[in-house]
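Taking it in order: structure first as structure tokens, then the write-up.
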Amino acid sequence: MTEPAQIKNDTSADLAVCMTGVTFAYDKSALPVIDIESWELPKGRHIFISGASGSGKSTLLNLLTGTLQASSGNIELLGKPFSKLSARRKDAFRAQNIGVVFQQFNLIGYLTVYQNLAVAAYFAKNQTVDVAARATTLLNKLQLPTDVLHKRADLLSVGQQQRVAIARALINEPSLVIVDEPTSALDADARDKFMQLLLEATAHSAVIFVSHDKSLAQYFDEQTDMSCLNRPSGSPV
Ligand SMILES: Nc1ncnc2c1ncn2[C@@H]1O[C@H](COP(=O)(O)OP(=O)(O)OP(=O)(O)O)[C@@H](O)[C@H]1O
Ligand SMILES: [Mg+2]
């Protein structure tokens, strides 16, 4: 059953996400696509957010990564006033603290797997991580042979690309991992394997995973639906 998405009594330092009065409209003259009065996610928690196509899942994730700017309200991430940061600081914060797995993976096809991971470390200005060592550890954890590191990303199978997308999201050891429906093209066995690997590899991070496929909710600590989180098209709640 759906558990409450809001958990009170946490101080902002304990929260991965704290949204207050957040609205967003693509068309300023239309009703907002996102209208979230209050939502908190504690650090380290794994939440599944279901929602029909067009319910605003990707829009919400784009607000959380700073790709879109909220029309109103505040978004704090990991205790920092994310929505108030300048575009440059937001980019730096995202690179250093947030791992994103996109629906289409967005790997750079003409680069090797190692180069894809190194680019992510470079943008995070992560000079402390030994990219080669961490990449090898992640590939082992994700059950990929290490010779994959030197293959072009576009020459891998879809299942391998998915696991590389997780490795790239985790290369900087982010505290917050955001995943946008990456399993829609998979059969049931491959999907279950992907979910197990993803959640094992993110055991110490907060995870926000959105999908229309409610059967994936079983893998998560907590679940909610966009219809609970979001006030659809300004309707009263
Ligand atoms: N770039 C855009 N410009 C204008 N409207 C948009 C844009 N992107 C999304 N929308 C609209 O915002 C609403 C929410 O879209 P969003 O992509 O967030 O939904 P979703 O829940 O991720 O759907 P799906 O499951 O199909 O990926 C939809 O009505 C959509 O038409
Ligand atoms: Mg979407």
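Among 224, 136, what's the order by accessible area (1.4 angstrom probe), most exposed first?
Descending accessible area places them as 136, 224.
Could you check how much of the accessible area of the chain is carbon and sulfur, as a whole percent, using a 1.4 Å probe?
Accessible surface attributable to carbon and sulfur in the chain totals 50 percent.
Got a sec to turn the phi values of the range 221-229 into Karplus ³J(HN,Hα) couplings, 6.51 cos²θ - 1.76 cosθ + 1.60 with θ = phi - 60°, whole Hz, x for Gly and Pro?
5, 8, 9, 8, 10, 3, 5, 8, 6
Out of 136, 196, 119, whose Cα points farthest toward the positive end of the dipole of the chain (charges: +1 Lys, Arg; -1 Asp, Glu; placed on Cβ)?
So the residue we want is 119.
State, as an integer percentage, the relative contact order of the range 28-86 based on alpha-carbon contacts under 8 Å between residues 6 or more apart.
Dividing the mean separation by the residue count of the range 28-86 yields 22 percent.
Could you tell me how many degrees, from 0 to 90 and to the nearest 10, lie between the Cα long axis of helix 188-201 and the main elongation axis, the longest principal axis, of the Cα atoms of the chain?
Roughly 90 degrees between the two axes.
Between beta-carbons, use under 13 Å as the cut-off and find the net charge around residue 110, counting Lys and Arg +1, Asp and Glu -1.
The answer is +1.
Among 84/214; 43/193; 43/214; 80/125; 43/125, which pairs are too far apart, with a Cα-Cα distance over 27 Å?
Too far apart for the 27 Å limit: 84/214.
Given H placed on each backbone N at 1.01 Å, which residues far from residue 33 in sequence or on other chains put an amide H within less than 5 Å of it?
24, 25, 26
List the residues whose amide H sits under 5 Å from the amide H of residue 103, counting only those 5 or more places along or on another chain, with H placed 1.01 Å from N in the peptide plane.
Those lying under 5 Å, H to H, from residue 103 are 180.
What percent does the relative contact order of the range 97-200 come to when contacts are Cα pairs within less than 8 Å and at least six residues apart?
So the answer I get is 46 percent.
Treat every Asp and Glu Cβ in the range 26-126 as -1 and every Lys and Arg Cβ as +1, leave all other atoms uncharged, and give the resulting dipole magnitude about the Cα centre to the nearest 20 debye.
With only Lys, Arg, Asp and Glu charged at Cβ, the dipole is about 380 debye.
Would you mind counting up the charge near residue 211? Only other residues with Cβ under 9 Å from its Cβ, with Lys and Arg at +1 and Asp and Glu at -1.
For residues surrounding residue 211, the net value is -1.
Quick one: which residues, 5+ away or cross-chain, put their amide H under 5 Å from the amide H of residue 17? H built at 1.01 Å from N.
Result for residue 17 returns 41, 78.
Cβ under 14 Å from residue 73's Cβ, residue 73 left aside: what net charge do those residues give with Lys, Arg +1 and Asp, Glu -1?
Around residue 73, the surrounding residues sum to -2.
Let me know the charge dipole size of the chain about its Cα centre in debye, to the nearest 20, where only the beta-carbon of Lys, Arg (+1) and Asp, Glu (-1) is charged.
Result for the chain is approximately 760 debye, rounded to the nearest 20.
Could you provide, to the nearest whole Å², the per residue accessible area of the chain with probe 1.4 Å?
48 Å²
I need the trypsin sites (Lys or Arg not before Pro) found in the range 12-75, filtered to DSSP loop residues with at most 12 other beta carbons within 10 Å of theirs.
28
The values are calculated or read from the model by the stated rules, or taken from the named source; none is laboratory data. Not measured: the values here are computed from a predicted model. Neighbour counts are summed over all protein chains in view; Cβ atoms, including those assigned to glycine, are modelled from backbone coordinates with ideal geometry. For accessibility, only protein heavy atoms count, side chains too; no ligands or nucleic acids. Shrake-Rupley method; radii C 1.70, N 1.55, O 1.52, S 1.80 Å.
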